[in-house]
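Presented below is the structure to which this report refers.
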Amino acid sequence: SAHQVDREARVMHALRDTDVPVPKIVFQTDDRDMIGSEFFIMEHLEGRIFWNPLLPELSPDDRMELYHRFTDTLAALHSVDYQSVGLGDFGPQENYVARQIARWSKQYKASETKEIEAMNWLIDWLPQHIPAGDRTTLIHGDYRIDNCIVAQDKPEPIGLIDWELSTLG
């Protein structure tokens, strides 16, 4: 399900007027005749991407500030009224935890090289212990510091990127 550029462009466009910082979508097409595949063009954001999550380039104060703001950005994402921004049909609206457990279990079993009893126990235990209650929000799908463009001059997220795994959950 990765590399769904249409999903990525759709969600970034939907978030353009929210508190979630995303680059503006300048152009998007599913016309494969143009360059051989679907594509979109987003605005260029003048910023930094940190590949090491320990952020050794930053002072301890800036590191703490960036992670606080990164957490605030995640809270802003989960506060978006996904229906009002046009994403009501963006994915299943229920049973996110159960879907994730099923997917992770299937992926684990598909790549398993030897049987680990503790993993078998966990795969059996998790579906039986899903917390009650289910509030649907927009999920990034790959929320991590290297999918965040940070301002050049301060520890502040200015653009979340890499949305092709996003969904509702």
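The values are calculated or read from the model by the stated rules, or taken from the named source; none is laboratory data. Owing to the predicted nature of the structure, the values given are computational and were not obtained by experimental measurement. Positions of Cβ are generated from backbone atoms using ideal geometry, with glycine treated the same way; all protein chains shown enter the neighbour counts. Keep in mind that these areas ignore ligands, DNA and RNA; they rest on the heavy atoms of the full protein, side chains included. Shrake-Rupley method; radii C 1.70, N 1.55, O 1.52, S 1.80 Å.
For every residue, the table says whether it meets (1) modelled with pLDDT of 95 or more; (2) open to solvent by 50 Å² or more (accessible area, probe 1.4 Å); (3) small (Gly, Ala, Ser); (4) within 27 Å of Leu77 (Cα to Cα).
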{"residue": "Gln100", "(1), (2), (3), (4)": "no, no, no, yes"}
{"residue": "Asn120", "(1), (2), (3), (4)": "yes, no, no, no"}
{"residue": "Pro127", "(1), (2), (3), (4)": "yes, yes, no, yes"}
{"residue": "Gly133", "(1), (2), (3), (4)": "no, yes, yes, yes"}
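What about Thr167, is it among the polar types (S, T, N, Q) and surrounded by 11 or more Cβ atoms within 10 Å (Cβ to Cβ)? Give the derivation first.
Numbers: among the polar types (S, T, N, Q): yes; surrounded by 11 or more Cβ atoms within 10 Å (Cβ to Cβ): yes.
Yes.
Going residue by residue through region 103-116, is there one that turns out to be touching a residue at least 60 places away in the same chain (Cβ under 8 Å), under 19 Å from the mean Cα position of the chain (by Cα) and within 30 Å of Ala14 (Cα to Cα)?
Going residue by residue through region 103-116, those that are touching a residue at least 60 places away in the same chain (Cβ under 8 Å) are none.
For region 103-116, residues touching a residue at least 60 places away in the same chain (Cβ under 8 Å), under 19 Å from the mean Cα position of the chain (by Cα) and within 30 Å of Ala14 (Cα to Cα): absent.
When Ile145 is evaluated against the numbered criteria (1) open to solvent by 30 Å² or more (accessible area, probe 1.4 Å); (2) out of contact with any strand residue (DSSP E or B) (no Cβ under 8 Å at 6 or more places or on another chain); (3) of a type in the set (Val, Ile, Thr), which criterion, by number, is the only one it fails?
(1)
What are the residues in region 63-96 that are over 15 Å from Asp19 (Cα atoms) and surrounded by 15 or more Cβ atoms within 10 Å (Cβ to Cβ), if any?
Once the filter is applied, which keeps residues that are over 15 Å from Asp19 (Cα atoms) and surrounded by 15 or more Cβ atoms within 10 Å (Cβ to Cβ), region 63-96 yields Arg63, Glu65, Leu66, Tyr67, Leu87, Phe90, Gly91, Gln93, Tyr96.
Please specify each residue of region 117-153 satisfying the condition of being in contact (Cβ under 8 Å) with a residue 40 or more places away in the chain, touching a helix residue (DSSP H, G or I) at 6+ places or on another chain (Cβ under 8 Å) and farther than 22 Å from Glu94 by Cβ.
Answer for region 117-153, where residues must be in contact (Cβ under 8 Å) with a residue 40 or more places away in the chain, touching a helix residue (DSSP H, G or I) at 6+ places or on another chain (Cβ under 8 Å) and farther than 22 Å from Glu94 by Cβ: Ile145, Cys148, Val150.
With the requirement that a residue be over 23 Å from Ile145 (Cα atoms) and open to solvent by less than 40 Å² (accessible area, probe 1.4 Å), what does region 1-28 give you?
None; the set is empty.
Looking for whichever is open to solvent by less than 60 Å² (accessible area, probe 1.4 Å) and either under 16 Å from the mean Cα position of the chain (by Cα) or modelled with pLDDT of 95 or more (or both) here; the options are Leu45, Leu54. Which one fits?
Working: Leu54 fails: open to solvent by less than 60 Å² (accessible area, probe 1.4 Å).
Only one candidate qualifies: Leu45.
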